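Each remark here refers to the structure printed beneath this line.
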Amino acid sequence: MEIINYPPEKIYSPSKLNRPNYDHIILWMLYNNDICRWSSFSQEPIEIPLSTLSRHLEGLISKSFVVRISKGNYKITPEGKKKFFELSSAKNKVKQLNFPPKIILKSGRNYSHWILWMAYNNNYCKRADFLGDPLFINQSSLSKNLSLLTEEGFLIKEEGKYTITQSGKSEYSRMLQHYDLDRQTILEEESKKIEEIKQKTIAFFNKLRIEDNEIQFRFLTNVLKLDYEKVKPLLKDEKVFYKILLFISINHPDQYPNFISPEDFSNKYKIKKITLDYYIDEISEGKIYPFKFFKLTGPSGGVYYFQSGGKLERMLQVITENYINKYTYLNKLFSKPDDNLTKYDSTSIVNQILDEICSFLFNKDFKESLRELLPGYIKYLAYKFETKRELKNTYDKLEGLIWQDLSEIFDSQISEDLKSQYEEEVKEIDSEIELNPLNIDLYKLKIKILIYFNQYNNVLGVLENMLKAFPEEEIDIMMKKASILKRKRDLRAGLDIIEDLIKKYPKNKELLSYKAYWFQYLDKKDESLEIMQKLIDGEPNIGIYHDIYGEILMHFEEYENAVKRFLKALVMGSDEWYIYQTYIKMGICYKALGNHDLTVKNLKKGKDILNKSSVDPDTKQKWLIIADLFLTEMK
């Protein structure tokens, strides 16, 4: 029978005033036994509750203090032994706290910064640590700030102890920029952050045998910039997240011609290809983090990634701006037309940029891929540099389609797997439609795929067939047609559709709202607001009319008046389905007006209502993305 060494009773059963330190108990067991089974921790005499055991073991494994050598069997690591000695010695001495430097304490009573500093620079903090010298935070302020930091996911509270999360560490790094710290201090603070993940990355590299220094450096850079906490609710295993970042780090233009395909990577590193494809697409397109990865395709078909703001992209930006500015200045100097560059000029600019960047920045084999990339990249730079108003820049990030085109834009996002086989998928859907011609969901699925690949003429054909099959859905089908025509920049034709529908259905008030939106698209503010005012005069207590009125004012940057309308909408219908949108839009208006507190308050209120509502998951995700985007910018 296996003999297990158990810790002294004072360790696993302390006084009633103190709760057991389960990390210490587990590490004691593993230090004093070669290997411990799961059952060893849950049976007498220590009897750790199963949920508690699972949580603490996973925490110790994630910190590389413990390794799982086989199913249900665990062993302590050298780092775990150091942690065990640290916990054991801590039992016999008073805890020594690290406090913020004077420059932070004397910069005003910014308690949240003090608390973050304490949580980052100590293993954990108790409430009493903030009450005494030198902080002296009063009880009410402390409660308020601890609650706020916990709600925002920067701190977690367990067993009366506050510890900092990965998101909190990122916030801590941003917080340091508020203070006039010398360069060496900042480097020391950042080095702590690097040190914290060093053990994880070393273990990761060793396990996967990643020895290339360039790949290791890019991976470390990506880990520091891409916060795991952002995807943790969906991607529970941090090791899977590391593998996704490794794929991007390996397939970098500097590694050319070396490349690993998604199929080979998923087989070699034991990750589901569908998971890899999905998150590579989400990350590279900038849908999760506030920067994107540009893609280049090599002659063999391999896809390579380089990050916006990275060395390659910064150098590419300088070269591209130089040529764009050169042509802009020449156009002004010689009084050339002030509209878009001519086709010849555009081609000439691209060719000159290609000649320069393929001589030293990128391998010449990427030339044709870069030729495809550059026109879109120039538009990307235009968004960054041609928009001067802070709020408008945010709208451009959302491609100017936050409100009216929101549904079409987000509904059309389909995985990369589907892209390679969408023609076959469309054929299969057509076959299903032949068998089930009255299943409207099949038509909608086909439209979704066609929209993603910009097959707008084909979409119009599908809509014509839908109208024949489902005449009772005429309004929805024709409004979808109007939205497709809007995508094709034919706003006038879209407006004609709406006016025809209004003649046919004169009692449909929703169609008048659509017409107001369409006048907004055409920059006809007076006509747009006139329609909404007539609707309000007819039914002054309908909150959605005030909401739409405020949205139109918001589009024309009349933010103060827009807020007044949104407030009326809240009064008229505080429990209506759209109220979460009203709060979020009102928060964005307050951002434009420079009111930080009301911006954050309304955006969070909108998020709270949205999270508790029964709105469909896709719509919920769309509006959460918008709210989070603006909340992130406020930080």
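The values are calculated or read from the model by the stated rules, or taken from the named source; none is laboratory data. Here the structure is a predicted model, which is why all the values come from computation and not from measurement. FYI the Cβ positions are ideal-geometry reconstructions off the backbone, even for glycines, and counts take in every protein chain you see.
Below are the figures for this structure:
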read-out: Every residue from the stretch 207-254 that is part of a helix (DSSP H, G or I) and acidic (Asp, Glu); value: Glu214, Glu229, Glu238, Asp254
read-out: Among (1) part of a helix (DSSP H, G or I); (2) crowded, with 19+ Cβ neighbours inside 10 Å; (3) not basic (Lys, Arg), the one test that Leu296 misses; value: (1)
read-out: The listed residue being under 27 Å from Gly376 (Cα atoms) and touching a Gly at 6+ places or on another chain (Cβ under 7 Å), out of Tyr279, Tyr256; value: Tyr256
read-out: Candidates Ile552, Ile544, Ile584, Ile548, filtered to the one that is modelled with pLDDT of 90 or more, surrounded by 18 or more Cβ atoms within 10 Å (Cβ to Cβ), touching a Gly at 6+ places or on another chain (Cβ under 6 Å) and not hydroxyl-bearing (Ser, Thr, Tyr); value: Ile584
read-out: Any hit, the stretch 256-268, residues being surrounded by 14 or more Cβ atoms within 10 Å (Cβ to Cβ), among the acidic types (Asp, Glu) and either farther than 20 Å from Leu224 by Cα or at pLDDT 85 or above (or both); value: no
read-out: Residue that is at pLDDT 85 or above and β-branched (Val, Ile, Thr), where the choices are Ile402, Ile475, Ile414, Ile451; value: Ile475
read-out: Criterion violated by Trp28 - all others in (1) farther than 25 Å from Lys239 by Cβ; (2) part of a loop (DSSP other than H, G, I, E, B) satisfied; value: (2)
read-out: Within the stretch 513-531, tally of residues that are of a type in the set (A, V, I, L, M, F, W, C), at pLDDT 90 or above and surrounded by fewer than 18 Cβ atoms within 10 Å (Cβ to Cβ); value: 0
read-out: Scope the stretch 4-26; condition of a type in the set (Val, Ile, Thr) and modelled with pLDDT of 80 or more; matching residues; value: Ile25, Ile26
read-out: Pick from the stretch 255-267, criterion in a loop (DSSP other than H, G, I, E, B) and among the aromatic types (Phe, Trp, Tyr), ranking: farthest from Leu208 (Cα to Cα); value: Tyr256
read-out: Flag for Gly550 being of a type in the set (Gly, Ala, Ser), in contact (Cβ under 8 Å) with a residue 40 or more places away in the chain and either closer than 30 Å to Arg492 by Cα or assigned to a helix (DSSP H, G or I) (or both); value: no
read-out: Lys446, sole failed condition from (1) surrounded by fewer than 18 Cβ atoms within 10 Å (Cβ to Cβ); (2) farther than 26 Å from Tyr517 by Cα; value: (1)
read-out: Meets criteria (loosely packed, with under 15 Cβ neighbours inside 10 Å and among the polar types (S, T, N, Q)) for Asn222; value: no
read-out: Verdict on Ser147 being within 24 Å of Glu9 (Cβ to Cβ), among the small types (Gly, Ala, Ser) and out of contact with any Pro (no Cβ under 6 Å at 6 or more places or on another chain); value: no
read-out: Evaluation of Leu146 against (1) of a type in the set (A, V, I, L, M); (2) modelled with pLDDT under 80; (3) in contact with a Lys or Arg (Cβ under 8 Å, 6 or more places away or on another chain) (one fails), failing number; value: (2)
read-out: Which numbered condition Asn110 fails, given (1) exposed (fewer than 14 other Cβ atoms within 10 Å of the Cβ); (2) closer than 16 Å to Tyr172 by Cβ; value: (1)
read-out: Exclusive hit being modelled with pLDDT of 80 or more and over 40 Å from the mean Cα position of the chain (by Cα), set Met29, Met1; value: Met29
read-out: Selection count, the stretch 153-171, where residues are part of a loop (DSSP other than H, G, I, E, B) and in contact with a helix residue (DSSP H, G or I) (Cβ under 8 Å, 6 or more places away or on another chain); value: 4
read-out: Number of positions in the stretch 298-313 that are at pLDDT 85 or above and within 25 Å of the chain's Cα centre (by Cα); value: 7
read-out: Yes/no for Asp537 being without any contact (Cβ under 8 Å) to a residue 12 or more places away in the chain and assigned to a helix (DSSP H, G or I); value: yes
read-out: Breaking point among (1) hydrophobic (A, V, I, L, M, F, W, C); (2) surrounded by fewer than 21 Cβ atoms within 10 Å (Cβ to Cβ); (3) touching a helix residue (DSSP H, G or I) at 6+ places or on another chain (Cβ under 7 Å), for Val571; value: (3)
read-out: Options Leu60, Leu53: the member that is surrounded by 13 or more Cβ atoms within 10 Å (Cβ to Cβ) and under 24 Å from Lys198 (Cβ atoms); value: Leu60
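Matching residues to (1) hydrophobic (A, V, I, L, M, F, W, C); (2) touching a Phe, Trp or Tyr at 6+ places or on another chain (Cβ under 7 Å); (3) part of a helix (DSSP H, G or I); (4) within 30 Å of Leu450 (Cβ to Cβ):
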residue	(1), (2), (3), (4)
Ile497	yes, no, yes, yes
Asp526	no, no, yes, no
Asn541	no, no, no, no
Ala562	yes, no, yes, no
Lys568	no, no, yes, no
